[in-house]
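What follows is one structure encoded as structure tokens, with my remarks underneath.
The values are calculated or read from the model by the stated rules, or taken from the named source; none is laboratory data. All values reported here derive from a predicted model rather than from experimental measurement. Neighbour counts are summed over all protein chains in view; Cβ atoms, including those assigned to glycine, are modelled from backbone coordinates with ideal geometry.
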Amino acid sequence: MGTESLRSSTSMALQYTPSLHCSRCLLTCVWWAQQAGIAMRDGVRPDAVLTRESDRKFAFAECKARSFGPTSSTAEQARSLLVVAGPRAAEVLGLASGQVADSLLAFVVPEAGRELLAPTLVSLGKELDEKRMSVGRFSVLSLVLTDTDVSIMTDELGSSFFGLPSGASPFMEREPDTDPRPLYFIPYDPDIGQSEEEKVFCKRVLFERMQSTVVAAVGHANPPMDVVFASQKILNSSMFGVYGQWENRDSARHMRQLCRHFMGEIMQAVNKEVPNTMLFEPGKGWKVTLGSPQQQDNVLDAMSHFSCDRLDLRTQPDHTLLDALEDDGPASGAG
Amino acid sequence: MTMAETHLHEIRSRHQMIRFFDGYAIERMEELDERRLKRPLVKTQLLEVLGGNEAHTDEGLRAIFGRRQVTLMPIETSLFLAVDDQTGQAGLLERLHPRIVALYSTMKSDDMQQWVRRLVMRSPELDYVWLSGLTFGVLWQLVTRLSRSHRFTRLVFTHESVFDIDQAASEPEEEEEETPQDSAEEEMADVIERRATSFRLVDRIGVIQQKLEALQKIYSPLYAISQLRFPSPVGRGGHDFYDNGRVTNKTESFRDHRSHLLFVVRIYERLLRSTEEQAWYSIQDSVGVPGQFRKIVGSPVVVRFREPLSRDVFDYWIGATFERKRNRFRLWGHPIRLGPTKVHVYGVDRHLWQPLFLELTANGCTAIIPNGTCGNTVHRLVTNIQRYLDPGAEAFVGDKPYKRMVEESAQGVPYDLGSE
């Protein structure tokens with residue numbers, strides 16, 4: 001999730017939704033659909049929900065790297081999202097009826113997939129409609145890359161819903177031979193399907209963010225004192241507090257493993273330069289002892305010179321004994 | 001250290017302080033008239049104090065300075081005698097606003113700069129007050145409105161393209177990281193070719209007002225105002241504000257000097273607050289929708305260069321900033337290359353030791369400041385960009401022009417010349 005989408009004052013605010021909360025309603029729909037022979041998936045969650053609180057408009061946004069057909073496995077997710085974005089949107093979101101004045105499912109795909117996706121969604125909508133299941137309206141938005149900018153292309157419905165001019169709306173300038181990606185708010189999300197190359201990049205960004213958290217805390221300390229880092233604190237600082245909202249226990253555990261891997265490496269680098277300065281204390285976290293301003297300077301030098309680039313970003317960190325020494329619960333309770 | 005030590009420690013109240021410095025200022029102006037200045041002028045250094053709630057109490061302030069071997073001896077509420085544990089009295093320190101303190105001193109200019117620099121460089125809880133060229137642009141407009149047009153004023157413009165050179169410059173010493181001397185490297189000037197603008201303009205306000213805007217359009221370094229004189233409304237001379245929060249009293253009245261400090265500090269404090277309110281990124285509960293939603297709030301700080309940097313300049317800027325421990329921008333981080341003239345840095349403001357995320361390109365810079373990172377980081381960044389990269393750069397917080405934020409911060413601030 002990046003910065004550029006929020007650079008200009010978009011008319012809708014981005015709501016990050018780790019999950020949808022009235023899943024009972026969706027489960028009923030899924031059960032009903034399955035009885036009718038329609039493949040639908042429970043536990044779906046859109047990538048983001050955009051809202052404009054002034055007139056209670058909600059857009060369920062789902063980003064896909066490519067288009068898909070009505071028989072693909074992705075179609076199961078799309079059917080669920082069509083229902084989610086329909087008349088039962090308020091119920092699905094856990095809101096009182098009337099709190100959602102208007103809703104929409106917005107698929108975002110590369111420009112090449114735009115024309116292919118719309119018929120798929122029409123077909124899925126018709127299928128659900130025939131089984132008397134209420135579905136929401138949908139819009140297909142596409143990203144268009146030119147040599148000079150990145151634009152979002154809206155269809156007629158998307159244009160009126162989001163208040164954007166129809167056609168291409170450039171929102172990011174682009175340089176030749178340059179990766180157009182923006183800065184990331186949430187650098188890495190193991191729940192999102194990504195290419196290996198993309199995962200490596202995102203992990204690198206996550207590690208850079210963890211390093212800046214640790215360096216800032218040590219630099220800001222007033223020795224003599226100890227600075228203690230718990231994985232929850234590091235991960236939350238590195239992700240604007242989003243880690244604390246993570247409900248998927250497996251993902252939260254995976255994130256803590258990455259954090260431990262990173263902290264283990266930086267601890268080794270620090271102790272090599274300034275012996276016996278950093279250690280892991282079970283149940284507490286990583287303790288950095290700053291006995292004097294000089295020691296603080298030395299630790300900062302060691303931490304600053306440590307480069308995440310050197311880390312093996314492709315191998316999954318091993319499950320270690322340390323995993324058992326921290327709370328293995330969801331993100332909000334992790335130590 | 002040459003200063004009136006015997007007098008300062010005898011001061012027992014704010015009222016006595018003002019009377020003392022008033023008398024001192026009159027003597028210095030008389031000496032200036034005779035062109036025989038016997039002792040240094042009264043100078044003020046404005047500093048921002050960070051440190052959360054601790055910084056908001058007198059005890060907290062004493063603890064922050066105490067950690068840097070400066071003892072603050074209380075005189076009355078929010079007023080102290082500042083004594084360096086090694087070098088003796090430094091001056092009187094007064095809290096003017098919750099986050100801003102003023103050190104009044106009669107030290108020699110160079111001694112004071114050096115003393116303050118040493119203090120600030122070693123403390124993540126203290127920072128200069130950063131008045132960027134864009135901020136000075138708004139203050140200049142205020143000067144034209146608040147002063148009569150026949151009064152004389154003084155503006156200094158400083159721009160030095162330190163990253164646009166024909167050979168690598170040496171790593172700056174800690175002493176010159178933030179506030180290079182105006183006279184530094186003069187002998188080198190003929191050898192190293194780069195754009196450098198540093199000149200002062202003294203003229204009547206009305207004359208400058210007529211010409212400056214047109215001149216700035218022709219020659220962008222004139223946007224990089226680094227010093228501005230507020231003419232005194234009660235007598236001759238004025239108050240010279242520098243871009244790092246130093247202010248020299250060149251009038252007969254310390255009371256007037258302090259009133260001008262309060263005026264600018266009120267504006268700056270509002271500017272800090274509005275910068276942080278708009279720019280701080282965080283995840284918040286969505287109040288308007290009482291579901292289990294969280295939303296990302298905050299706006300990026302965007303600086304757009306008037307002219308794109310060449311690839312050489314861009315590379316040198318990135319190298320000189322992130323490959324050196326000491327660098328003019330006081331930043332740390334490992335740049336992630338995304339193109340010939342684009343990098344991402346998930347780094348740290350090395351002075352305040354707070355996280356800061358940057359996208360740097362040949363066309364400008366986007367900064368994300370997480371909740372809690374001081375707004376001063378933004379003002380230092382803008383000041384340094386105007387000084388070292390592009391004097392005509394424009395800045396925005398979200399969609400709002402930085403200049404408009406300064407204008408809004410100045411709206412309704414009383415130009416109250418009788419305050420004590």
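Couple of notes before you dig in:
- Top-ranked residue in region B:32-55 [being β-branched (Val, Ile, Thr) and either in a strand (DSSP E or B) or without any contact (Cβ under 8 Å) to a residue 24 or more places away in the chain (or both); ranked as surrounded by the most Cβ atoms within 10 Å (Cβ to Cβ)]: B:THR44
- Filter pass, B:VAL289 being at pLDDT below 80 and buried (at least 21 other Cβ atoms within 10 Å of the Cβ): yes
- Where helices (runs of 4 or more DSSP H) sit wholly within region A:62-181, those with at least 2 residues that are among the basic types (Lys, Arg) occupy A:111-130.
- The set of residues in region B:56-96 that are part of a loop (DSSP other than H, G, I, E, B) and without any contact (Cβ under 8 Å) to a residue 24 or more places away in the chain comprises B:THR57, B:GLN69, B:THR77, B:SER78, B:ASP85, B:GLN86.
- Meets criteria (at the interface with chain B (Cβ under 9 Å from one of its Cβ atoms) and at pLDDT 95 or above) for A:GLU208: yes
- Within the set B:ILE26, B:ILE11, the sole residue that is in a helix (DSSP H, G or I) and at pLDDT 90 or above turns out to be B:ILE26.
- Residue satisfying all of: in region B:336-347; in contact with a Gly (Cβ under 7 Å, 6 or more places away or on another chain) and free of Cβ contacts under 8 Å to residues at least 24 places away in the same chain; farthest from the other protein chains (Cβ to nearest Cβ) among these: B:VAL345
- Candidates B:PRO401, B:PRO391 - the one that is more than 9 Å from chain A (Cβ to nearest Cβ) and buried (at least 24 other Cβ atoms within 10 Å of the Cβ): B:PRO391
- You will find that of B:ARG68, B:ARG36, B:ARG19, the residue that is more than 20 Å from the chain's Cα centre (by Cα) and within 14 Å of chain A (Cβ to nearest Cβ) is B:ARG68 and no other.
- Checking each residue in region A:195-221 for being buried (at least 16 other Cβ atoms within 10 Å of the Cβ) and either of a type in the set (Asp, Glu) or part of a loop (DSSP other than H, G, I, E, B) (or both) picks out A:GLU208, A:ALA221.
- Among (1) surrounded by 17 or more Cβ atoms within 10 Å (Cβ to Cβ); (2) of a type outside the set (Val, Ile, Thr); (3) over 24 Å from B:TYR281 (Cβ atoms); (4) away from chain B (no Cβ under 14 Å) - the single one A:LEU143 does not satisfy: (3)
- Selection of first residues in region B:272-285 that are more than 10 Å from every other protein chain (Cβ to nearest Cβ) and of second residues that are among the hydroxyl-bearing types (Ser, Thr, Tyr) and buried (at least 17 other Cβ atoms within 10 Å of the Cβ), restricted to Cβ pairs under 7 Å at least 6 apart or on distinct chains, gives the following pairs, ordered by first then second residue: B:SER274/B:SER409; B:GLN278/B:SER299; B:ALA279/B:SER299.
- Candidates A:ALA221, A:ALA252, A:ALA217: the one that is modelled with pLDDT of 95 or more and among the small types (Gly, Ala, Ser) is A:ALA217.
- Pick from region B:215-268, criterion polar (S, T, N, Q) and under 15 Å from the mean Cα position of the chain (by Cα), ranking: surrounded by the most Cβ atoms within 10 Å (Cβ to Cβ): B:SER226
Results for (1) among the polar types (S, T, N, Q); (2) over 26 Å from B:ARG324 (Cβ atoms), shown as yes or no for each residue.
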| residue | (1), (2) |
| --- | --- |
| A:LEU258 | no, yes |
| A:PHE262 | no, no |
| A:GLN268 | yes, no |
| A:VAL274 | no, no |
| A:TRP286 | no, yes |
| A:PRO293 | no, no |
| A:VAL299 | no, no |
| A:LEU311 | no, no |
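- For region B:348-388, taking the residues that are of a type in the set (S, T, N, Q) and more than 10 Å from chain A (Cβ to nearest Cβ), the one that is surrounded by the most Cβ atoms within 10 Å (Cβ to Cβ) is identified as B:GLN386.
- Residue check, B:MET29 in contact (Cβ under 8 Å) with a residue 40 or more places away in the chain, over 26 Å from the mean Cα position of the chain (by Cα) and closer than 25 Å to B:PHE241 by Cβ: yes
- Among all residues of region A:156-167, there is none that is within 14 Å of chain B (Cβ to nearest Cβ), within 24 Å of the chain's Cα centre (by Cα) and of a type outside the set (Asp, Glu).
- Residue in region A:104-113 that is of a type in the set (A, V, I, L, M, F, W, C), over 25 Å from the mean Cα position of the chain (by Cα) and modelled with pLDDT of 90 or more present: no
- Evaluation of A:ASP189 against (1) assigned to a loop (DSSP other than H, G, I, E, B); (2) exposed (fewer than 14 other Cβ atoms within 10 Å of the Cβ); (3) of a type in the set (Asp, Glu) (one fails), failing number: (2)
- Residue list for region B:307-335, filter: facing chain A (nearest Cβ under 9 Å) and crowded, with 20+ Cβ neighbours inside 10 Å: B:TRP332, B:GLY333, B:HIS334
- Failed item in (1) closer than 23 Å to A:PHE185 by Cα; (2) under 21 Å from the mean Cα position of the chain (by Cα), with B:PRO300 passing the rest: (2)
- You will find that of A:TYR243, A:TYR184, the residue that is within 11 Å of chain B (Cβ to nearest Cβ), touching a Leu at 6+ places or on another chain (Cβ under 7 Å) and crowded, with 16+ Cβ neighbours inside 10 Å is A:TYR243 and no other.
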